[in-house]
1. Just to be sure, is residue 57 within 30 Å of residue 7 (Cβ to Cβ) and under 17 Å from the mean Cα position of the chain (by Cα)?
2. Taking interchain pairs and intrachain pairs at least six residues apart, which have beta carbon atoms under 9 angstrom, with the first residue in the stretch 26-48 and on the phi > 0 side of the Ramachandran plot and the second polar (S, T, N, Q)?
3. If you go through the stretch 88-107 one residue at a time, how many are within 18 Å of residue 32 (Cα to Cα) and open to solvent by less than 40 Å² (accessible area, probe 1.4 Å)?
4. In the stretch 67-83, how many residues are assigned to a helix (DSSP H, G or I) and either farther than 18 Å from residue 34 by Cβ or open to solvent by 20 Å² or more (accessible area, probe 1.4 Å) (or both)?
5. Which of the residues belonging to the stretch 108-137 are open to solvent by less than 60 Å² (accessible area, probe 1.4 Å), out of contact with any Lys or Arg (no Cβ under 9 Å at 6 or more places or on another chain), part of a helix (DSSP H, G or I) and in contact (Cβ under 8 Å) with a residue 12 or more places away in the chain?
6. Looking for something touching a helix residue (DSSP H, G or I) at 6+ places or on another chain (Cβ under 8 Å), under 16 Å from residue 138 (Cα atoms) and either of a type in the set (Val, Ile, Thr) or part of a helix (DSSP H, G or I) (or both) - is there at least one such residue anywhere in the stretch 84-93?
Amino acid sequence: MTQSSVKKLAILAMMIALDVVLSPLFRIEGMAPMSSVVNVVAAVMMGPLYATIMAVGCALIRMTLLGIPPLALTGAVFGALLAGLGYRLGKHNWWAAAGEILGTGLIGSLLSYPVMVWFTGSAQSLYWFVYTPRFFGGSISGSLIGLFVLYELDHIGITKRIQKIF
C-alpha cells in the first residue's frame, strides 16, 4: 500500500467513525442531521466515490450495531453521492449542500417508502411522502451546519490539504 492509500483509508475510517458516533448523539426523532453534516463535509473533502463509500459503511454499522432500520441506508447514500457530484460540478460548498438536500430530502425519502414496506411487510400506515418532511428537515439543518463546519475548516486550511490527498 502506498502512503497516499493509507492516508485515504485513515481519513475514510475517521469520517465513518464520526458519523457513527455523532448521528445517535445529536438526533431529532425521525431525523439524522449529523449524518447530513458528515455527508456534506465528506463530499467536499473526499469526492463522490469516497463520500458514498463512507455513507454505505456508516449505514451498515448503524443498522447492525444500533438497530437502525434500512432508512439509514436509503437516506444517507443518495445524499452523499449527490453532494459529491454537486461539489464536483459546481466547485462550491453550496452545491454540495444542495446535492445533499436533493439526495437525502427528496430521493432518499421517496425510496424509503418501498424499502420500509418490504422491511415491515405492511403498507397500511405508510404513504409515499411519509418520510419526506423529516428527511428534508434533517438534510436542510444538517447541510447548513455542514456549510458552517466547512467554512471553519477552509479558514484553517484543512479542506485543501485533505482534497490534495484525494
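The values are calculated or read from the model by the stated rules, or taken from the named source; none is laboratory data. All figures in this text were calculated on a predicted structure; none of them were measured in a lab. We place every Cβ from the backbone using ideal geometry, glycine too, and count neighbours over all the protein chains shown. Just so you know, the surface numbers come from the protein's heavy atoms only, side chains and all, with ligands and any DNA or RNA stripped out. Shrake-Rupley method; radii C 1.70, N 1.55, O 1.52, S 1.80 Å.
1. Numbers: within 30 Å of residue 7 (Cβ to Cβ): yes; under 17 Å from the mean Cα position of the chain (by Cα): yes.
Answer is yes for this residue.
2. The qualifying pairs are 47/163.
3. Of the stretch 88-107, the ones within 18 Å of residue 32 (Cα to Cα) are 96-107.
Keeping just the survivors that are open to solvent by less than 40 Å² (accessible area, probe 1.4 Å) gives 96-97, 99-100, 103-105.
Total meeting the criteria: 7.
4. Start the filter on the stretch 67-83 by keeping residues that are assigned to a helix (DSSP H, G or I), which leaves 71-83.
Among the residues that remain, those that are also either farther than 18 Å from residue 34 by Cβ or open to solvent by 20 Å² or more (accessible area, probe 1.4 Å) (or both) are: 71, 73, 77-78, 81-82.
Residues in the stretch 67-83 being assigned to a helix (DSSP H, G or I) and either farther than 18 Å from residue 34 by Cβ or open to solvent by 20 Å² or more (accessible area, probe 1.4 Å) (or both): 6 in total.
5. Start the filter on the stretch 108-137 by keeping residues that are open to solvent by less than 60 Å² (accessible area, probe 1.4 Å), which leaves 108-110, 112-117, 122-123, 126, 130-132, 135, 137.
From the residues that got through so far, the ones that are out of contact with any Lys or Arg (no Cβ under 9 Å at 6 or more places or on another chain) too are 108, 110, 112-117, 122-123, 126, 130-132, 135, 137.
Filter once more, so that each one left must be part of a helix (DSSP H, G or I): 108, 110, 112-117, 132, 135, 137.
Passing the criteria: 108, 110, 112, 113, 115, 116, 132, 135, 137.
6. No: zero hits.
Results for (1) within 20 Å of residue 41 (Cα to Cα); (2) aliphatic (A, V, I, L, M), shown as yes or no for each residue.
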{"position": "70", "(1), (2)": "no, no"}
{"position": "76", "(1), (2)": "yes, yes"}
{"position": "79", "(1), (2)": "yes, no"}
{"position": "91", "(1), (2)": "yes, no"}
{"position": "98", "(1), (2)": "yes, yes"}
{"position": "104", "(1), (2)": "yes, no"}
{"position": "108", "(1), (2)": "yes, no"}
{"position": "112", "(1), (2)": "no, no"}
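Results for (1) touching a Ser or Thr at 6+ places or on another chain (Cβ under 8 Å); (2) among the basic types (Lys, Arg); (3) at pLDDT below 95, shown as yes or no for each residue.
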residue: 15; (1), (2), (3): no, no, no
residue: 37; (1), (2), (3): yes, no, no
residue: 46; (1), (2), (3): no, no, no
residue: 50; (1), (2), (3): no, no, no
residue: 56; (1), (2), (3): no, no, no
residue: 73; (1), (2), (3): no, no, yes
residue: 81; (1), (2), (3): yes, no, no
residue: 84; (1), (2), (3): yes, no, no
